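Note sheet for the following structure.
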Amino acid sequence: MAAPRLDQLEIFALIARRGGFRAAAAERGVSSSLMSQTMASLEQALGLRLLNRTTRSVAPTEAGERLLRRLGPALDEIRLALAELDQLREQPSGTLRINAPAPAAEHILCPLAFAFMAAHPGVQVEIVSDAAIIDIVAQGFDAGVRFGRQLEQDMVAMPLGPPLRYAIVAAPEYLRRRGVPRSPADLMAHDGIRRRYPGGSLARWRFEKAGEAVELTPPGRLTLSSAHQELQAALAGQGIAHVFEDYARPALAEGRLVEILADWSPTLPGWFLYYPNRRHGSAAMRAFLDFVRRSAR
């Protein structure tokens, strides 16, 4: 049996983790055909099939599963050794991958990343906006961002910004036509601009005033999937939107939107950066965490 190369083993582990050649190729920045050729060479060298391939999916064989169980810790140790070498550099280097919902990415994470990259020119940053709750380790991310402390086991969290607040907003023209809601219950007679989460559920609108809490999903003809779309719909007079105040603030200042039920909008926990509770984070990740801590101070 010919000895496999380290890069072949890394590619095999990546394909198995991402569940396909195309996704693995995109993460590595190469073509799918190159990934396929590398796997063919590895399987030929080992004399064993490691992946079962169909037109729709890729999954490890029994031999592949056995190899992965041993290969994962070994690759982690190699990455640790390389990360420790990075400590000898004056400037951290490498790629930092962070998964975050769009509002957090746009209003908090991107400004931090821009300043961080200016201070650390050797580091590349990739921010993926995704509202779905994912396994950041399995998907190859160094860190993620969540609303509040919605964390899985073995994760560490740090605040990434101030507390948040939702604003209930509508265009002046819509309110002239339909009237101004005076309580959350009044929303049930209006057109709510609704949001559907990646998991399929509709967003609930939460209100609180003088110890009274209300939660509802207003009726509406329009259902969207992002805060940007909701804001555009509100500006177009399509109904009442429930968005983070940060999104609505410029339009409110210009008078293109009006906030309603402001005294019913509670303050909510802010965004948190979370990452695996392990000692072998990259030098880029350690530098970013230090940068976030300093920025908070």
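The values are calculated or read from the model by the stated rules, or taken from the named source; none is laboratory data. None of the values given here were measured: they were computed from a predicted structure. Neighbour counts run over all protein chains shown; Cβ positions are idealised from the backbone, glycine included. Accessible surface is based on the protein model in full, side chains and every heavy atom, while ligands, DNA and RNA are left aside. Shrake-Rupley method; radii C 1.70, N 1.55, O 1.52, S 1.80 Å.
DSSP assigns beta bridges within region 164-266; of those with both partners inside it, close to 75 percent run antiparallel.
Near the amide H of Phe141, within less than 5 Å, lie no amide hydrogens of residues on another chain or at least 5 residues away, with H placed in the peptide plane. Calculate how steeply helix 62-86 sits against the longest principal axis of the alpha-carbon atoms of the chain, using the helix alpha-carbon long axis, and give the answer as 0 to 90 degrees to the nearest 10. For 62-86 against the chain, the angle is about 80 degrees. The trypsin sites (Lys or Arg not before Pro) of region 125-202 that meet both conditions, a loop assignment by DSSP and at most 16 other Cβ atoms within 10 Å of the site Cβ, are Arg149, Arg182.
The mean accessible area for residues of region 208-252, using a 1.4 Å probe and ignoring ligands and nucleic acids, is 50 Å² per residue.
Applying 1/(1 + (r/R0)^6) with R0 = 30 Å to the Cβ-Cβ distance of Val137 and Leu216 gives a FRET efficiency near 0.25. By accessible area, using a 1.4 Å probe on protein heavy atoms only, region 164-266 has 49% of its surface on carbon and sulfur.
Taking 7 Å steps out from each Cα toward its Cβ at Glu254 and Gln37 produces label points 5.1 nm apart.
Among Leu71, Leu252, the order of accessible area from largest down is Leu252, Leu71, computed with a 1.4 Å probe on protein heavy atoms.
Please give the per residue accessible area of region 6-86, computed with a probe of 1.4 Å over protein heavy atoms only, in Å².
Result: 59 Å² per residue.
Build a GNM of the chain with springs between Cα atoms under 10 Å apart, and of Glu254, Glu65, Glu27 the one that fluctuates most is Glu254.
Near Arg249, once Lys and Arg are set to +1 and Asp and Glu to -1 for all other residues with Cβ below 14 Å from its Cβ, the sum equals -3. PRE reach from Ala185 (point 7 Å along Cα→Cβ): which of region 209-225 fall under 17 Å by backbone N? Answer for this model: 209-219.
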